[in-house]
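In what follows, a single structure is set out as structure tokens and then discussed.
What follows draws every value from the coordinates through simple rules; no lab data is involved. Keep in mind it's a predicted model, so treat the numbers as computed, not measured. No Cβ is skipped: glycine too gets one built from the backbone with ideal geometry, and neighbour counts run over all protein chains shown.
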Amino acid sequence: MPHPPRALLLLILAILTGCKFGSDSQNLSYTSFMENRYGSPSQDSATWTDSVGTLSEACVRSEIGVHEQPHLLLAVCSKPSEASHPTDGLVDLYVLRGSWDDFVVAAETTGIGSGSNGNPGDVRALRLGANFYGFEIRGGYLGQGQYVENTSWYAPSRSNGIHLVYQATSLDDGRETIECVDDSLACAMESRLASIDSSRIDLRTFPVQLVDTLLRRGTIRQRSTRIEFDKNKWSYPTPKMLSEESE
């Protein structure tokens, strides 16, 4: 008896496995996973609270397909019960791989500090290649009139961990420092914006375009750089910031 064509098999596989994370058994498994790690759920299961009062919620829950197998990108954001202005919020990152009626943790990293006042920064899912996904964590704080924003990208590695693959810091005086109020030429700003070029969706890893901007003593400088993912170092290599080159 001839074997069904591969395209038909893939279609059957997609029908059978395409919604794994929406099944009742998957939902029960997910609820159990969250309770075991983050404590008691709220009535609507939107947040979880542990024994010391830490409040957690799923800040990213994105279903993806990797090599025709369902996965879930999960980020859990947590706020300590007692937090002051310099206290980081916490972010835990997971990649969950679906099976017939359950899932396994394929990769994870926990306890990433971000944000201020105990509130984690903003977290979103990223697509960094044809079958390469990750997370962006963006958080900052205001101190002495200066606003500092940190942007970090994390992605799974071959070792089943989730590692930092890109990081940048932006600084803005906010026009509120004493020096800036007294002398506009003393105002300073430096930023680095990164945009992922996914125009070729078949690439294993997407290139990234960086735009650096530096304001110093009333003069603005800009630079644009294209970077490629370094598979040996498992990161996007970045050039020095413009302020570092100026020193």
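Points worth noting:
- Ordering 112, 220 by the number of other Cβ atoms within 10 Å of each residue's own Cβ, fewest first, gives 220, 112.
- Centre separation in Å (Cα based) which lies between the range 83-128 and the range 225-247: 25
- Counting beta carbons within 10 Å around each of 211, 95 and listing the fewest first gives the order 211, 95.
- For residue 117, the residues whose amide H sits under 5 Å from its own are 87, ignoring neighbours fewer than 5 places away on the same chain, with H placed 1.01 Å from N.
- Segment residue 202..residue 42, full-extension length gain: 53.4 nm, with 0.36 nm per residue of separation and the alpha-carbon distance subtracted.
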